[in-house]
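The values are calculated or read from the model by the stated rules, or taken from the named source; none is laboratory data. Not measured: the values here are computed from a predicted model. Keep in mind that these areas ignore ligands, DNA and RNA; they rest on the heavy atoms of the full protein, side chains included. Shrake-Rupley method; radii C 1.70, N 1.55, O 1.52, S 1.80 Å.
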Amino acid sequence: MLVAIRSVDGERVPKMMKWGLIPHWAKDDKLQYSTFNARAEEFTTKPAFRDGWMRGQRCLVVTDGFYEWKKLEVKGKLKQPHAIAMAGDSQMVMAGLWAKWKSPTSGEEVLSCTILTCRPNRAMGELHNRMPVILAEVDWPMWLGEEPASEQDLLALLEPCPDEALKIWPVNKMVGNVRNNGPQLILPAPSNAVPA
């Protein structure tokens, strides 16, 4: 994942990080639970994320967008993937936390990150009961610690973005297979591919 962090001298620094936060105290990089996402309502008390929060290791996770699957029937076996991007085609910037982990066996250092999630806005609520915290550009300096902010100020940022900030469209089901990659995955699905 491409992320931006605030360096010691206050400048933003781009870094490539492993997605799935590895706490500094982990014995290895194969955690027994998922750390790809951290729930905004509880991450400050979860051991895997608490240290990064207390140390101010906040980051901006930069992406073009993400995918989510909409259940088309009650049992959830039939699903339609959707692409989610910014309405103005700008890059999507999500609130994240990062950590530095050092392998006790090889000494290798790994930078890793997690994305904070919150309840969905109305548009995302049609697809899923969670969404990433997408920060407006005006809030980036506060999240990174470039501007003074209290813990309450920071936690107040962890809300769903406005519906109109996003564009959402159905895409081909080949997006659900990790072997498939390329720009064709974000092309709109033919209208007959999405059951009513």
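In square angstrom, what is the accessible area per residue of the chain with a 1.4 angstrom probe?
Values: 11460 Å² over 196 residues.
With the other protein chains kept in place, the chain gives 58 Å² per residue.
If you wrap the tightest convex hull around every Cα atom of the stretch 1-71 and split its volume per residue, you get 133 Å³.
Among bridges DSSP assigns within the chain, what percent are antiparallel (round to 5)? Provide the component values of the computation, followed by the final result.
Values: 36 of 41 bridges.
In the chain, DSSP labels about 90 percent of beta bridges as antiparallel.
For the stretch 1-84, the number of Lys pairs with C-alpha atoms closer than 18 Å, counting only pairs eight or more positions apart or on separate chains, is 6. When Rg and the Kirkwood radius Rh are both evaluated on Cα atoms of the chain, their ratio Rg/Rh stands at 0.99. Under 15 Å of direct C-alpha separation, and excluding same-chain neighbours fewer than eight residues apart, K100 reaches these aspartates and glutamates: D28, D29, D51, E108, E109. When the solvent-accessible area of the stretch 1-118 is split by element, carbon and sulfur atoms take up 52 percent of it, the probe being 1.4 Å.
Once you reduce the stretch 1-75 and the stretch 86-132 to the center of their Cα atoms, the two points are 5 Å from each other. Applying the Kirkwood pairwise sum to the alpha-carbon positions of the stretch 114-196 produces a hydrodynamic radius of 15.4 angstrom. Take the Kirkwood radius over Cα pairs of the stretch 27-106, plug it into Stokes-Einstein at 4 °C and 1.567 mPa s, and you get 82 µm²/s for translational diffusion.
In this structure E41 has an accessible area near 110 Å², from a 1.4 Å probe over the protein heavy atoms. Summary value for the chain: 22 percent relative contact order, contacts being C-alpha pairs under 8 angstrom separated by 6+ residues.
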